[in-house]
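Trainee: Take this structure first; my questions come after.
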Amino acid sequence: MKLSRDMPAESPRSRLLERGAAALSDEELLALLLHLGFGDSGSLMLARELLVCFSGLVGLARAGQPDLLAHPGMGPARYAKLAASTELARRQALQEMRANGDVLSSPGHTRRFLSYHLGTRPREVFTCLFMDSQHRVLRCEDLFFGTLDGAAVYPREVAVRALQYGSAAVIFAHNHPSGVAEPSAADRRITERLVGALALLDIRVLDHIIVGSGPAYSFAEQGLL
């Protein structure tokens, strides 16, 4: 194998080409994203610093643009590469979910998409997946945005959107930036209100998923719907 002269033989890129991406550490994979070309010998050190500064990959993914750009050595080019990689992963997960058709037959793809979509948000976001009568996704929309501790959710606005898109069913999802996916008392109350409001329109609520730092929490699986 002929290696490019811009990186040494034991660089993360050469290790990836020889052994596969799974063989690389978080630091090495991040360094590959941050690498800017010939003469760039500091990407591995920068990757190490970022992982320490933001407490790992999850903290790094949740960091806002101003905080990342303020880090020495980051710059717009490197920030753009990180943001693009995150968005590509989210879009791939969305395509997998849609390609499978009925979301109820692919809960893994649905949760994977929602984890990519919501797991890196620094503030709470309430998202709706609007579906047709075959449970195929018509639209994914972020409807409500909150502070670190919560988001105000209005059943009337959810109902208006569901009617606008001709939805027969919906899945709700929101994130807990704290990382704890257990539902709060407020989460349970708003879910009950949403189910009741949409039932009057003959629109079924299939699930409410909470995304944290670990496995997602499913209201349906826990018998709360």
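The values are calculated or read from the model by the stated rules, or taken from the named source; none is laboratory data. Values in this document were obtained by computation on a predicted structure and should not be read as measured data. Here Cβ is always computed from backbone atoms with ideal geometry, including for glycine, and neighbour counts include all displayed protein chains. These accessible areas exclude ligands, DNA and RNA; they are computed on the full protein's heavy atoms, side chains included. Shrake-Rupley method; radii C 1.70, N 1.55, O 1.52, S 1.80 Å.
Trainee: Out of everything in region 87-112 that is in contact with a Lys or Arg (Cβ under 8 Å, 6 or more places away or on another chain) and touching a residue at least 24 places away in the same chain (Cβ under 8 Å), what residue ends up being most open to solvent (accessible area, probe 1.4 Å)? Full working, then the answer.
Mentor: Applying the first criterion (in contact with a Lys or Arg (Cβ under 8 Å, 6 or more places away or on another chain)) to region 87-112 yields 93, 96-98, 101-103.
Restricting the remaining residues to those that are touching a residue at least 24 places away in the same chain (Cβ under 8 Å) gives 93, 97-98, 101-103.
Numbers: ALA93: 0, MET97: 0, ARG98: 115, GLY101: 17, ASP102: 55, VAL103: 4 Å².
Ranking the candidates gives ARG98 first.
Trainee: While we're here: State which residue is modelled with the lowest pLDDT when the search covers only region 147-161 and only residues that are open to solvent by less than 30 Å² (accessible area, probe 1.4 Å) and out of contact with any Lys or Arg (no Cβ under 6 Å at 6 or more places or on another chain). Full working, then the answer.
Mentor: Let us first name the residues in region 147-161 that are open to solvent by less than 30 Å² (accessible area, probe 1.4 Å), namely 150-151, 153, 155, 158-159.
From the residues that got through so far, the ones that are out of contact with any Lys or Arg (no Cβ under 6 Å at 6 or more places or on another chain) too are 150-151, 153, 158-159.
Numbers: GLY150: 69, ALA151: 77, VAL153: 89, VAL158: 95, ALA159: 96.
The selected residue is GLY150.
Trainee: Shifting gears a bit: Report, by residue number, each residue of region 211-225 that is open to solvent by 40 Å² or more (accessible area, probe 1.4 Å) and over 21 Å from LEU57 (Cα atoms).
Mentor: Answer for region 211-225, where residues must be open to solvent by 40 Å² or more (accessible area, probe 1.4 Å) and over 21 Å from LEU57 (Cα atoms): ALA220, GLU221, GLN222, GLY223, LEU224, LEU225.
Trainee: Restricting attention to region 35-86, report how many residues are modelled with pLDDT of 85 or more, part of a loop (DSSP other than H, G, I, E, B) and open to solvent by 60 Å² or more (accessible area, probe 1.4 Å).
Mentor: 1
Trainee: Continuing with the same structure: List every residue pair whose Cβ atoms sit under 6 Å apart, with the two residues 6 or more apart in sequence or on different chains, where the first one lies in region 177-197 and is under 22 Å from ARG121 (Cα atoms) and the second, anywhere, is hydroxyl-bearing (Ser, Thr, Tyr).
Mentor: GLY179/SER213; ALA181/TYR217
Trainee: Looking only at region 8-24, decide whether some residue is at pLDDT 85 or above, open to solvent by less than 40 Å² (accessible area, probe 1.4 Å), under 21 Å from the mean Cα position of the chain (by Cα) and not polar (S, T, N, Q).
Mentor: Within region 8-24, not a single residue is at pLDDT 85 or above, open to solvent by less than 40 Å² (accessible area, probe 1.4 Å), under 21 Å from the mean Cα position of the chain (by Cα) and not polar (S, T, N, Q).
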